[in-house]
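Structure below; questions to follow.
The values are calculated or read from the model by the stated rules, or taken from the named source; none is laboratory data. Keep in mind it's a predicted model, so treat the numbers as computed, not measured. Glycine also receives a Cβ, built like all others from the backbone with ideal geometry; neighbour counts cover every protein chain displayed.
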Amino acid sequence: MPRRVLIAFDKFKDSVPAQRACAVAAAEIQRLHPEWHLDVAPLTDGGEGFCPILVEAVGGTFHSVTVEGPLGFPREATFGMVEIDRLTAHARALLGVGAGTATTSTGERLAVIEMAAASGLALVPLGQRNPWRASTYGTGQLLRAAADLGASRILLGVGGSATIDLGLGALAALGLEFRDASHASVRPPVPADWDQVRQVEGHVADTFPPIVIACDVTNSLLGPEGAAAVYGMQKGLRNAEVPRIDELARHMATMVCAHFGKILEETTSAPGSGAAGGLPFGLGVAAGARMVGGFALVSAWLDLERRIETADLVVTGEGRFDRSSLSGKGPGAIVALARALEKRTLVFAGAVEADEADSAETGEIYAITPSGTALGEALARTEEFLAAAVAGHFS
């Protein structure tokens, strides 16, 4: 019987965050086997939960500021600050920072920000989702607040965005100006107003901390695999609007690249430039932001390989486990790593793609939702179903 169990769930989308899913599973296992040692590691890849999961893992601090939400209404958003010396050597290497030691500290502080806290799709009611009017201005305000607080570097997770503004809203918050034919400021520069923009002015301060963007999306900015075509519909864009917003995006990208002396085709075709509505494009061109694989960084930050290696059993899961789950992040990556280390793995998911249920690559996988359950009920009762499934297995 296992004595050391690693519990590493991702979120059950639209229902239960990763931290809560881990807590539910851990409570049931501990209730049934109080003598077992449980190691809990909530997962994230850059979207919701990115900031609290990473900051709590290394004992960082949280700071809240008032920012503009995606549609301009004020809201409180939180970011974290962590001591870089507390990170694993692998995580520091991915972030491009030196490895401090116990006796020789770098003294650097890293701000951890998730754009979903300021510009996330979950902040916009379903009937109000409109990427023509949604802005990343609030994300830029978070970046600026972190710099003002003394961050040496900034780590930005970019999952779950409500926007397709190329990150121009964030750049406006960092000092750029977008002006119309009469030289009036277009602020925030949302897509609905892009046809008015005639000039880009200003720069991000040279002293601004380096930005690293955590993201696993590899889409380019424009075209059939771009930000609007692939992700626009879930943000409220209609299919018929894609060509127009893409045309305007190219217009704005051309002006921004010309202003910063960058080559348009290189920057817009770069892998990941179309993530989060093009935020990596804007921050890359104007602030020199660079990208790192989201789950690779999280895995290094949480020291997942070592924790799997020391476990007798790994328990993981997410809202839906399908072919995309095996693409190298989240529970699929946990399963692959555990399999390589010859560790038994259990996967509990809200829904399971039929092909994956029988795949030897997935370990033991269980759908927690009773057959015939309507989606609304399944989402409302995820915690209950997860607890029952875990208890049923470990009884």
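Exactly one condition in (1) touching a Pro at 6+ places or on another chain (Cβ under 8 Å); (2) closer than 21 Å to Gly236 by Cβ; (3) surrounded by 19 or more Cβ atoms within 10 Å (Cβ to Cβ); (4) of a type outside the set (Val, Ile, Thr) is false for Ala117; which is it?
(1)
In the range 166-180, is there at least one residue being under 16 Å from Ala111 (Cβ atoms), more than 20 Å from the chain's Cα centre (by Cα), touching a residue at least 24 places away in the same chain (Cβ under 8 Å) and in the same structural domain as Gly274 (by TED's automatic domain parsing)?
Yes; the residues of the range 166-180 include at least one that is under 16 Å from Ala111 (Cβ atoms), more than 20 Å from the chain's Cα centre (by Cα), touching a residue at least 24 places away in the same chain (Cβ under 8 Å) and in the same structural domain as Gly274 (by TED's automatic domain parsing).
Moving on. Looking at (1) assigned by TED's automatic domain parsing to the domain that holds Thr136; (2) aliphatic (A, V, I, L, M); (3) farther than 27 Å from Ala170 by Cβ; (4) in contact (Cβ under 8 Å) with a residue 12 or more places away in the chain, find the lone condition where Leu71 falls short.
Every condition holds for Leu71 apart from (3).
Being part of a loop (DSSP other than H, G, I, E, B) and under 17 Å from the mean Cα position of the chain (by Cα) is the filter here, so list the residues in the range 263-291 that pass it.
Answer for the range 263-291, where residues must be part of a loop (DSSP other than H, G, I, E, B) and under 17 Å from the mean Cα position of the chain (by Cα): Pro271, Gly272, Ser273, Gly274, Ala289.
Condition first: under 21 Å from Ile154 (Cα atoms) and among the β-branched types (Val, Ile, Thr). Now tell me which residues in the range 196-217 satisfy that.
Once the filter is applied, which keeps residues that are under 21 Å from Ile154 (Cα atoms) and among the β-branched types (Val, Ile, Thr), the range 196-217 yields Val204, Thr207, Ile211, Val212, Ile213, Val217.
Going through Ala228, Ala184, Ala173 one at a time, which residue ends up being in contact with a Gly (Cβ under 7 Å, 6 or more places away or on another chain) and not β-branched (Val, Ile, Thr)?
Sole residue among the options that is in contact with a Gly (Cβ under 7 Å, 6 or more places away or on another chain) and not β-branched (Val, Ile, Thr): Ala173.
Taking the range 117-145 only, how many residues are farther than 16 Å from Gly167 by Cβ and without any contact (Cβ under 8 Å) to a residue 40 or more places away in the chain?
Matching residues across the range 117-145 total 3.
Does the range 37-51 include one or more residues that are more than 20 Å from Trp301 (Cα to Cα) and not assigned by TED's automatic domain parsing to the domain that holds Ala276?
Within the range 37-51 (the criterion being more than 20 Å from Trp301 (Cα to Cα) and not assigned by TED's automatic domain parsing to the domain that holds Ala276), the answer is yes, since at least one residue qualifies.
Collect the residues in the range 18-58 that are surrounded by fewer than 23 Cβ atoms within 10 Å (Cβ to Cβ), outside any helix (DSSP H, G or I) and under 13 Å from the mean Cα position of the chain (by Cα), keeping them in residue-number order.
Glu48
Per-residue answers, yes or no, for (1) at pLDDT 95 or above; (2) outside the structural domain of Asp10 (by TED's automatic domain parsing); (3) touching a Leu at 6+ places or on another chain (Cβ under 9 Å); (4) part of a helix (DSSP H, G or I):
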{"site": "Arg320", "(1), (2), (3), (4)": "no, no, no, no"}
{"site": "Ser324", "(1), (2), (3), (4)": "no, no, no, yes"}
{"site": "Gly332", "(1), (2), (3), (4)": "no, no, yes, yes"}
{"site": "Leu337", "(1), (2), (3), (4)": "no, no, yes, yes"}
{"site": "Glu356", "(1), (2), (3), (4)": "no, no, yes, yes"}
{"site": "Ser371", "(1), (2), (3), (4)": "no, no, no, no"}
{"site": "Gly376", "(1), (2), (3), (4)": "no, no, no, yes"}
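Is it the case that Gln30 is at negative phi and free of Cβ contacts under 8 Å to residues at least 12 places away in the same chain?
yes
Report, by residue number, each residue of the range 296-326 that is small (Gly, Ala, Ser) and in contact (Cβ under 8 Å) with a residue 60 or more places away in the chain.
Selection gives Ala296, Ala300, Ala311, Gly317, Gly319.
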